Amino acid sequence: MAQFDFFVVNVAAPSIGLDLQATEAELEFVVGGYAFAYAGALVLGGRLGDLFGHRRLFVSGMIAFAATSVLCGLAVNSGQLIGARLGQGLSAALMLPQVLALISSGSSGHGRARAMAWYGVAGGVGSIAGQVLGGLLVTVDLAGLGWRLIFLINAPIGVIGALFAQRVLPGQEPSRSKGAKLDPLGALGFAVGLGLLLVPLTVGRTAGWPLWVWIPLAASVPALAATLRWQQALHRRGGQPQLELSLFRAASFRSGILSNLAFMLYFPSYMFTLALLLQGGLGLGAFAAGLVFVPAGVTFSVSALLAPRLAARYGSSVLAGGCLLAAAGLAALAVVTATGGAEASVAVIVLITAAISFGNGLILPSLIGAALLDVPPHHAGAAAGALTTTQQFGSAAGVALVGTIYFAAAEHGAGIGMAWACAVNAVLVLSVAAAVRYGIVVHRRTAVHQRSQLQ
């Protein structure tokens, strides 16, 4: 649900703009408002799960997401829709970290690897479904609802999901009895700092990067720096900061943050620029362009489910192989689009993107699992919130930066724009492997040092 609603608005934006008579800036805030609220509250959502129970927060977040989705579907002007999208983002921030936290605290070994694989499948399919089902729902125009159906469909899914979650997810005693407390100042600092960073990145490209975009971008640096100093001071005084800084002592978590950031700089921007190529460059409709992503969704799901078994046998070589496959596919796509081969046959793009997605499926579940490997159960929510915040920031920054490169190069043709975007994304994918390798090396050195101390 969270990933679907992040991507689906891109497909429905033209219909929303026409129906609500929204300006381009207002449409950007329909997208950016969700991203800002989602990213700004993820760390808080994870910490609330640690305090009050992950199942309770997951169920509450899912019901709130369903309710705010209905408000989105009932909006009669752009202001109402932007407000409802902010509510959606906050609800997603309550819901999503609890999934990773429950997996991290309630499973281990092969069971955790399988759970992470299914989590990766859900996230990847949710992203691709935003392109495919979004185009279908808008095109079908069931009962004259048009774009509203992309939001209203969340209501029954959310209610049914919340009922099942309440029944099957493990209960958990909140840790407030152990003296756990919230950090309101830290939560506010992260929300403001990330908002100053994400909103300009979201709207800057279409606005032409005016001065008012650069001012909040610059202000985000001291805002986030001041928040981190507050977190350190609170930790030294024996308090409980919003961001659990002790998590970063583990090499697996540090490298996991870096590798997830690199991957999310790449993956959403790749999806975004590919959609631009299919619709703007090759003239496909929203639904037809969405169908191009279907084989990619299948190969992603297959490889994500195979990844735990392969990793158990071949170790980190599986993730490295996924990075190489994705990078090779991006290089092939760059050549095809730059030479005009894409215009000859959409089937070529389908085959290449299916191969890229197979590589992506080998990468993503392993990245998430590796980042949370050494996280203690009582900090599972905080770690999940920090990780998903990193992913959300990477998504917004990647779309803004790689999108800017695409549009600059696309002045010479959409194929040229896609070729440049693919080249940048290939470098990002290879940097994922480099960050993971860094984590493995540091982890081994730490283990050797600890053994020598014990001896």
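The values are calculated or read from the model by the stated rules, or taken from the named source; none is laboratory data. Given the structure is predicted, the values throughout are model-derived calculations rather than measurements. Because the Cβ atoms are built from the backbone with ideal geometry, glycine has one as well, and the counts that use them run over all protein chains shown.
Answer yes or no as to whether Leu247 is at pLDDT below 90 and closer than 30 Å to Gln231 by Cα. Yes.
Listed here are the residues, each with its yes/no results for (1) over 30 Å from Leu351 (Cβ atoms); (2) at pLDDT 85 or above.
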residue	(1), (2)
Val203	yes, no
Thr206	yes, no
Ala223	yes, yes
Ser252	yes, no
Leu258	yes, yes
Phe263	no, yes
Met271	no, yes
Gly285	no, no
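Checked against (1) modelled with pLDDT of 85 or more; (2) buried (at least 22 other Cβ atoms within 10 Å of the Cβ); (3) not charged (D, E, K, R), Val168 passes all but condition (2). Mind listing just one residue for me: the one in region 171-187 that is of a type in the set (A, V, I, L, M) and out of contact with any Phe, Trp or Tyr (no Cβ under 7 Å at 6 or more places or on another chain) and, of those, modelled with the lowest pLDDT? Within region 171-187, the match that is modelled with the lowest pLDDT is Ala180. Quick one: is Gly204 part of a helix (DSSP H, G or I) and under 30 Å from Val294 (Cβ atoms)? No; evaluated as a whole, the condition is false for this residue. Scanning region 190-229 for residues being crowded, with 17+ Cβ neighbours inside 10 Å and aromatic (Phe, Trp, Tyr) gives a total of 1. All of Leu228, Leu234, Leu224 fail the test of being in contact with an Asp or Glu (Cβ under 9 Å, 6 or more places away or on another chain), under 30 Å from Leu51 (Cβ atoms), assigned to a helix (DSSP H, G or I) and aliphatic (A, V, I, L, M), apart from Leu234. Put simply, of Gly340, Gly322 the only residue that is free of Cβ contacts under 8 Å to residues at least 60 places away in the same chain and either surrounded by 15 or more Cβ atoms within 10 Å (Cβ to Cβ) or more than 23 Å from the chain's Cα centre (by Cα) (or both) is Gly322. The set of residues in region 94-121 that are of a type in the set (Gly, Ala, Ser) and either touching a residue at least 40 places away in the same chain (Cβ under 8 Å) or touching a helix residue (DSSP H, G or I) at 6+ places or on another chain (Cβ under 7 Å) (or both) comprises Ala101, Ser104, Ser105, Gly106, Ser107, Ala113, Ala115, Ala117, Gly120.
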